[in-house]
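Novice: The structure follows.
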C-alpha cells in the first residue's frame, strides 16, 4: 500500500517522532511516541478501509500478536506508521542529502542505496513529484 506523505514531509520535523536517547535522554521513546500519537489525530494514513493491509504489514514484525494489533485504535496505528516514516526520513536526510531537491533528498542516491540494501527504499519520490511511503511486504 502506498501512502502519500508529501504534506508530512513538507510540514513536520521527523526528529519529533523518531529520536535516540543520545538526542532526547532516557525518555526518548516515551517522548517520540507521545508526539506521534498527538500527530496521529491529524493523520489519516491508516483508516478502517485499509486497516487490514496495515495489520498484515505489522504482523510480519513478530513483535505483537494478532489480538494485540486488533486492539489498537486508528490513532495508534497511524502513530506507529508516523514513527516508521520519520525514521526512514531521518535516514534519507542523513545518507542522501541534496540542496537541489525541494525535499532536501537526493532521490537518485536513495534509489542506489536501496538497490544495495543499505536503506529500505520505503520512502520514495513518485513520477508525480509527490513523496510516498510503501507499507507492505
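Novice: Restricting to the range 105-130, name every residue that is under 12 Å from residue 88 (Cα atoms) and in contact (Cβ under 8 Å) with a residue 40 or more places away in the chain.
Specialist: 123
Novice: Quickly run through the range 112-134 and pick out the residues that are outside any strand (DSSP E or B), touching a strand residue (DSSP E or B) at 6+ places or on another chain (Cβ under 6 Å) and surrounded by 16 or more Cβ atoms within 10 Å (Cβ to Cβ).
Specialist: 122
Novice: Follow-up question, since we're still on this one. Just to check your reading of the model, which residue among 56, 48 is touching a residue at least 24 places away in the same chain (Cβ under 8 Å), over 15 Å from the mean Cα position of the chain (by Cα) and part of a helix (DSSP H, G or I)?
Specialist: Being touching a residue at least 24 places away in the same chain (Cβ under 8 Å), over 15 Å from the mean Cα position of the chain (by Cα) and part of a helix (DSSP H, G or I) holds for just one of 56, 48, which is 56.
Novice: Let me ask something else. Can you tell me which residue within the range 82-111, out of those that are in a helix (DSSP H, G or I) and exposed (fewer than 14 other Cβ atoms within 10 Å of the Cβ), is farthest from the chain's Cα centre (by Cα)?
Specialist: 108
Novice: Inside the range 25-35, can you point out the residues that are farther than 16 Å from residue 76 by Cβ and assigned to a helix (DSSP H, G or I)?
Specialist: Result: 28, 31.
Novice: Going residue by residue through the range 63-72, is there one that turns out to be under 15 Å from the mean Cα position of the chain (by Cα) and either farther than 19 Å from residue 132 by Cα or part of a helix (DSSP H, G or I) (or both)?
Specialist: no
Novice: Identify all residues within the range 1-24 that are part of a helix (DSSP H, G or I), over 24 Å from residue 126 (Cα atoms) and in contact with a helix residue (DSSP H, G or I) (Cβ under 6 Å, 6 or more places away or on another chain); write none if there are none.
Specialist: 16, 21, 24
Novice: Listed residues 78, 38; which is under 14 Å from residue 14 (Cα atoms) and either touching a residue at least 24 places away in the same chain (Cβ under 8 Å) or not in a loop (DSSP other than H, G, I, E, B) (or both)?
Specialist: Step by step, each of 78, 38 is checked, and only 38 is under 14 Å from residue 14 (Cα atoms) and either touching a residue at least 24 places away in the same chain (Cβ under 8 Å) or not in a loop (DSSP other than H, G, I, E, B) (or both).
Novice: Please find, among 70, 100, the residue that is touching a helix residue (DSSP H, G or I) at 6+ places or on another chain (Cβ under 9 Å) and either at negative phi or at pLDDT below 95 (or both).
Specialist: Unique residue meeting the criteria: 70.
The values are calculated or read from the model by the stated rules, or taken from the named source; none is laboratory data. Given the structure is predicted, the values throughout are model-derived calculations rather than measurements. So basically every Cβ, Gly included, is an ideal-geometry build from the backbone, and we count neighbours across all protein chains shown.
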